[in-house]
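To keep things clear, I will list the structure first and then write my remarks on it.
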Amino acid sequence: MNQITKIAWRNIWRNRVRSLVVIIALALGLWAGTFTSGFYEGMMKQKVDDVIQSELSHFQVHDTAFRDELIVTHFMEDATEIQRSIEQNSNVISTSGRVIATSMMASANKTGGVKLIGIDPEEEKRTTQLDQKLQEGAYFEGIKRNPILVSRKMAEEYKLKLRSKVVMTFQDLNGEIVASSFRVVGLYSSGNGMLDEVNAYARRSDLQGLIGLAPEQYHQVAVLIDDHQLAESIAGSYQEQHPHLEVLPWLDLAPGMRYMVEASGTFAYIIVAIILIALLFSVVNTMLMAVLERTREIGMLMAVGMNKSKVFFMIMLETLFLSLIGGPVGLLIAFGFIRYTGSQGIDLGAIGESYAEMGFSAVVYPQLGLSSYISITLMVLVMAILAAIYPARKALKLNPAEAVRKI
Amino acid sequence: MEQLVIETKNLSKIYEGAVEVRAVDNVDLQIQNGEFTAIVGPSGSGKTTLLNMIGGLDRPTSGSIRVNGVELSGMRENELIDFRLRHIGFVFQSYNLIPVLTARENTEFIMLMQNVDKALRNERVEKLLSEVGLSDKMDSRPSQLSGGQQQRVAVARALASKPDFVLADEPTANLDSKSTANLLDIMARLNRDEGTTFIFSTHDQRVIDRARRVITLVDGKIVSDEQR
């Protein structure tokens, strides 16, 4: 066996240029495929982190009817109590109680629909880092009566500046229309264009007063915990304890996200698989050339007594060597590249803006988990073995008497 | 002591095609242990076909071939390969060494496949390569050797397996006269001193002159069988 391994190894270096071309092609292909996977995985991870940390939190608690109808009357009676009991859990980092009113916002220039969210500035800071997204103005400071935080995008559309006045119109608990003026205290930008179009923030107490809610009555409690993986189980157990509430983890709050997270993994593998199939043909082609130009030599080996399984094994080994040099080289380059770009970030520039519109970050930090590296390695192995079979079978078909005579 | 090594009976090889070609036609042949025999004849007379069938590289259309009493014609492919490995040495016209192995490794190769142990292998490789006059070229690859030297490695390789006989298909066709004389000296000495049986196909007069038995084929039939 050793001898055959030695011959196979030396054989692949007989035509150095040809072998190197295949090895480099394999390395580059795998680098591209693996990096693409890393790029998507990084982008998805960022999106998930982003969605959790600045939008949905890990899970949210509502009155069972609230999410269907989004009207102010579906509030939770003793929300402060709910909030406090959730905070007992040692995995919980923070919670934010919110009052939500679907409103019309009117400026001197424009009127449009807005989701007015009443928050406690401190709770919100801890839970979604809203203060970090502030671009202009102050975080609920400097304006005493009805301060409102609008997005930079809204400010452009409604032609608002700091301290501009807007009139918010919404329903109160009795179904009456309430209109109240708010003054812009700050402009924020969340990096997610879709959210920026609809969300405006006011103080929870101001909104409770206008709607007619008591201070302990909220529409929503958002909960941030210390581990993404625990979101579903903690939400699930809380739901069991409180059947009269609706407790939903982030993946169920945004079903589109669940689909995207699951599809992106598959998508990356499809790309790698396509690249590997293309590479498979180039490896097969190279090895077929190698076998056919060595007809006489392989015939001689069989003539002097090398049996078919050894000939098969030798050609298999040659193919595997080619694939298994190129494969790890490609993976290693990809690993380094993902590491580097993962720490530096890739600024998508002009394309980034359209990504941002769709709620993705314009700077992507690629990353790839160990399990993805393992899966890709397995895919390369399968490809290598598949590529090895045909040339090796071709070698077996040679007739030693004819092969030896061929000059 | 004389012993029958090869015996063919009614051996025929017919190539079907637009015209039926009887490459070997009802050949009865007996070769004894220790012979130094040339099979001669014009091109297309069936020399190589006969040699290939005796060597188990090609199958007869009809008739039988016995090597040391073992019938080859009914063997399966892998049995034949194994039989060749253990009983037959080959020297080819175009040397056919393994290009990526050195002279030493080429000679050792067959013993490795026979699972001969290392000490014995080394001893035998050194003995054989010195017998063919290549002690100083043991670590050269075929591309670094002349045609004559390559063919001598091929002879060493053929003998490494301790075969019942060595088949050489036009072994001198690509060699100059000096290399040919050298190669023939070596083979004649091995035949005389070690009792190795050699069977050549050739139309090289220098080889025919040295043979002790000359079998002439014409159109697949033996037309003369001359002992010297």
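The values are calculated or read from the model by the stated rules, or taken from the named source; none is laboratory data. For clarity, every value in this text was computed on a predicted model and none was experimentally measured. As a convention, Cβ positions derive from the backbone with ideal geometry for all residues, glycine included, and neighbour counts pool all protein chains shown. To get the accessible areas, we keep the full protein, side chains included, count just its heavy atoms, and leave off ligands, DNA and RNA. Shrake-Rupley method; radii C 1.70, N 1.55, O 1.52, S 1.80 Å.
Assuming R0 = 25 Å, can you tell me the calculated FRET efficiency for the pair A:Glu136 and A:Ile93, based on Cβ-Cβ distance, to the nearest 0.05?
E between A:Glu136 and A:Ile93, to the nearest 0.05, is 0.35.
Close amide-amide hydrogen proximity is noted between A:Thr64 and A:Glu246, each under 5 Å apart and 5 or more residues distant or on a separate chain (H modeled in the peptide plane; Pro and chain starts excluded). Angle of helix B:177-193 to the longest C-alpha principal axis of chain B, folded into 0 to 90 degrees and rounded to 10: 90°. Share of pairwise Cα-Cα distances greater than 34 Å in the protein assembly as shown is 62 percent (whole percent). For region B:80-85, the Karplus equation 6.51 cos²θ - 1.76 cosθ + 1.60, evaluated at θ = phi - 60°, returns couplings of 4, 4, 5, 5, 4, 4 Hz by residue, with Gly and Pro reported as x. Here the Karplus curve 6.51 cos²θ - 1.76 cosθ + 1.60, taken at θ = phi - 60°, turns the phi angles of region A:280-295 into couplings of 3, 5, 6, 5, 4, 4, 4, 5, 5, 4, 4, 6, 5, 6, 10, 3 Hz, with x standing for Gly and Pro.
Overall, the accessible surface of chain A at a probe of 1.4 angstrom is composed of carbon and sulfur to the extent of 58 percent. Toward the positive end of the charge dipole of region B:4-227, with +1 on the Cβ of Lys and Arg and -1 on the Cβ of Asp and Glu, the farthest Cα among B:Gly74, B:Ala119, B:Ile14 is that of B:Ala119. With both labels modelled 7 Å from their Cα along Cα-to-Cβ, the B:Arg66 to A:Phe267 distance reads 7.7 nm.
3J(HN,Hα) along region B:196-207, derived from phi through the Karplus expression 6.51 cos²θ - 1.76 cosθ + 1.60 where θ = phi - 60°, amounts to 5, 7, 10, 10, 10, 10, 6, 10, 8, 4, 5, 6 Hz, with x in place of Gly and Pro. A simple spin-label model places pseudo-atoms 7 Å from Cα toward Cβ; at A:Trp9 and B:Asp225 they are separated by 5.1 nm.
Taking 22 Å as R0, compute the FRET efficiency from the Cβ-Cβ separation of A:Glu197 and A:Arg145 and round it to 0.05. Step by step, r from the Cβ atoms, then E = 0.25. For B:Leu4, the solvent-accessible surface with a 1.4 Å probe is about 60 Å², rounded to the nearest 10. If you wrap region A:61-213 in the convex hull of its Cα atoms and look at it from every side, the mean projected area works out to 9.1 nm². Within a straight-line Cα-Cα reach of under 27 Å, A:Lys394 can be paired with the following lysines, leaving aside sequence neighbours fewer than 8 residues apart in one chain: A:Lys6, A:Lys308, A:Lys310, A:Lys406, B:Lys13. Using a Gaussian network model of chain A in which every pair of alpha carbons under 10 angstrom is joined by a spring, one finds that among A:Glu353, A:Glu156, A:Glu77 the greatest mean-square fluctuation is at A:Glu156. Around the amide H of A:Gln220, modelled in the peptide plane, lie the amide H atoms of A:Arg98, all under 5 Å away and 5 or more residues distant in sequence or on another chain.
Classification of region B:4-227 by its C-alpha gyration tensor yields a prolate form. The axis ratio a/c (a ≥ b ≥ c) is 1.5 or more, and a/b outweighs b/c. Calculate how steeply helix A:16-51 sits against the longest principal axis of the alpha-carbon atoms of chain A, using the helix alpha-carbon long axis, and give the answer as 0 to 90 degrees to the nearest 10. It works out to around 10 degrees. For the peptide B:98-104, the mean number of other protein chain Cβ atoms found within 10 angstrom of a residue's Cβ is 4. For B:Ile88, the amide hydrogen comes within under 5 Å of the amide hydrogens of B:Asp164, counting only partners 5 or more places away or on other chains and with H modelled in the peptide plane.
How many percent of Cα pairs in region A:317-382 exceed 19 Å? Here the long-distance tail beyond 19 Å is 50 percent of all Cα pairs in region A:317-382. Averaging the Cα positions of each part gives two centres, and for region A:234-264 and region B:26-63 these lie 83 Å apart. When a 1.4 Å probe is rolled over the protein heavy atoms, the share of accessible surface on region B:1-89 that falls to carbon and sulfur comes to 47 percent. At full extension, A:Asp347 and A:Ser282 could sit 20.0 nm farther apart than now, given 0.36 nm per residue minus the alpha carbon distance.
Work out, step by step, the length gained on full extension between A:Arg67 and A:Arg183: first 0.36 nm times the residue separation, then minus their alpha carbon distance; give nm to one decimal.
38.9 nm
Using the alpha-carbon positions of region A:1-101, Rg (one decimal) and Dmax (whole number) come out as 28.9, 83 Å. Counting only lysines at least 8 places from A:Lys153 when in the same chain, those with an alpha carbon closer than 29 Å to its own are A:Lys45, A:Lys47, A:Lys110, A:Lys115, A:Lys125, A:Lys133, A:Lys144, A:Lys161, A:Lys165. Taking every residue in A:283-295 and counting other chain Cβ atoms within 10 Å of its Cβ, the average works out to 0. Distance from a point 7 Å along Cα→Cβ of B:Glu194 to each backbone N in region B:111-139: keep the residues under 13 Å and list them by number. Answer for this model: B:111, B:123-134. If you sort the three axes of the alpha carbon gyration tensor as a ≥ b ≥ c, you get a/c of 1.5 or more for region A:245-332 and a/b above b/c, which makes it prolate.
Excluding same-chain pairs closer than 8 in sequence, count the lysine pairs in region B:45-170 whose Cα atoms lie under 21 Å apart.
5
For chain A, a Gaussian network of Cα nodes joined below 10 Å ranks A:Ile177, A:Ile52, A:Ile325 by mean-square fluctuation, and the top entry is A:Ile177.
For A:Arg163 and A:Leu378, the FRET efficiency from 1/(1 + (r/R0)^6), where r spans their Cβ atoms and R0 equals 51 Å, is about 0.25.
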